[in-house]
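Asks: Here it is, the structure, as structure tokens.
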Amino acid sequence: MAYKLLIIFLLFFKTSYSNIIYDKNEKSVTELELNTYIELYKNSFNQNLTKNKALKDIILIKNTINSLEKNNPNFISELDEILKLKYKNLEFEASIIKDFLRFQKIRNEFISDYFQKQFNIEDLEIIFLSMNEMKFPLSKNKCLTIEKIQKFNEDRYFLNNFYENFKKGKKSFKTKIKNDLYDVCITDNQIKDIENEIIKFVEKKTQSDFQKFIYGKLK
């Protein structure tokens, strides 16, 4: 999420007035909060939300955060300290921005936990098979010269190699063809595309546990 965008939203909050578009059960949402959330979500996930979906998200976020503040204030306090370290000069005066960051941090904890403890080679295989053709150049001299271009969706050697290196945070990928070892030349943007697919996969895998956590806090 762009830091400058958050600063702009904060200034906008300080100088703007907005109509209340939702007011129920001591929870209110302003038009400005709705528009801010839509922009924050688009900037963070490159997706456009309808106003109805955004409003439902905001209500869920506010209910969740309020419940945590009431029932687990130490957790919220620790969470805020983490966010303040990450956004050192950011004043959390605009509650929708603060609650958005809090909520996403909680969601990311579920994703990170699954990735660290449960993400396996079978998961990655499903992801590779679901992607469009993964064609990357092959090289025998660390990508200085290219031998040929190969499809890798079903390449088992590459799958295992990518899994081991990706889990360790390394970017040196290889495959073997007829006993010859090759470097697989993948750009940073291509790695980012694969990472995004992995995140989407893990989000779906953890959605049920996350919802149980969220709605459990609202009881």
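The values are calculated or read from the model by the stated rules, or taken from the named source; none is laboratory data. These figures come from a predicted structure and were not determined experimentally. When we count neighbours, we look across all protein chains shown, and the Cβ atoms used for this are built from the backbone with ideal geometry, even at glycine.
Asks: Quick check on my filter: what residues within region 166-192 are loosely packed, with under 15 Cβ neighbours inside 10 Å and in a helix (DSSP H, G or I)?
Replies: Passing the criteria: K167, D188, N189, Q190, I191, K192.
Asks: Something else: For I127, indicate whether it is modelled with pLDDT of 95 or more, within 30 Å of D155 (Cα to Cα), of a type in the set (V, I, T) and part of a helix (DSSP H, G or I). So that I can check it myself, show each step before the final result.
Replies: Details: modelled with pLDDT of 95 or more: yes; within 30 Å of D155 (Cα to Cα): yes; of a type in the set (V, I, T): yes; part of a helix (DSSP H, G or I): yes.
So I127 fits the description; yes.
Asks: Can you find a residue in region 200-207 that is among the hydrophobic types (A, V, I, L, M, F, W, C) and within 17 Å of S112 (Cβ to Cβ)?
Replies: Looking through region 200-207, at least one residue is among the hydrophobic types (A, V, I, L, M, F, W, C) and within 17 Å of S112 (Cβ to Cβ).
Asks: Is there a residue in region 116-123 that is of a type in the set (F, W, Y), within 30 Å of Y157 (Cβ to Cβ) and crowded, with 17+ Cβ neighbours inside 10 Å?
Replies: Residues of region 116-123 of a type in the set (F, W, Y): 119.
With the extra rule that they be within 30 Å of Y157 (Cβ to Cβ), the set shrinks to 119.
This time we only want the ones that are crowded, with 17+ Cβ neighbours inside 10 Å, so: 119.
Yes, the conditions are met somewhere in region 116-123.
Asks: Kindly check whether there is at least one residue in region 178-186 that is touching a helix residue (DSSP H, G or I) at 6+ places or on another chain (Cβ under 9 Å), touching a residue at least 24 places away in the same chain (Cβ under 8 Å) and hydroxyl-bearing (S, T, Y).
Replies: Scanning region 178-186 turns up no residue that is touching a helix residue (DSSP H, G or I) at 6+ places or on another chain (Cβ under 9 Å), touching a residue at least 24 places away in the same chain (Cβ under 8 Å) and hydroxyl-bearing (S, T, Y).
Asks: Next question, about the same structure. Taking region 126-165 as the search range and keeping residues that are more than 20 Å from Y182 (Cβ to Cβ) and free of Cβ contacts under 8 Å to residues at least 60 places away in the same chain, which one is surrounded by the most Cβ atoms within 10 Å (Cβ to Cβ)?
Replies: Looking at the filtered set, the residue picked out is L129.
Asks: Using the structure shown, decide if K70 is assigned to a loop (DSSP other than H, G, I, E, B), in the same structural domain as N35 (by TED's automatic domain parsing), exposed (fewer than 13 other Cβ atoms within 10 Å of the Cβ) and without any contact (Cβ under 8 Å) to a residue 12 or more places away in the chain. Write out each step before concluding.
Replies: Working: assigned to a loop (DSSP other than H, G, I, E, B): no; in the same structural domain as N35 (by TED's automatic domain parsing): yes; exposed (fewer than 13 other Cβ atoms within 10 Å of the Cβ): yes; without any contact (Cβ under 8 Å) to a residue 12 or more places away in the chain: yes.
So K70 does not fit the description; no.
Asks: Could you tell me which residue of region 83-107 is farthest from E154 (Cα to Cα), considering only residues that are surrounded by fewer than 17 Cβ atoms within 10 Å (Cβ to Cβ) and at pLDDT 90 or above?
Replies: Looking at residues that are surrounded by fewer than 17 Cβ atoms within 10 Å (Cβ to Cβ) and at pLDDT 90 or above, I get K105.
Asks: Would you call V202 in contact with a Cys (Cβ under 9 Å, 6 or more places away or on another chain) and surrounded by 14 or more Cβ atoms within 10 Å (Cβ to Cβ)?
Replies: Numbers: in contact with a Cys (Cβ under 9 Å, 6 or more places away or on another chain): no; surrounded by 14 or more Cβ atoms within 10 Å (Cβ to Cβ): yes.
No: the conditions fail for V202.
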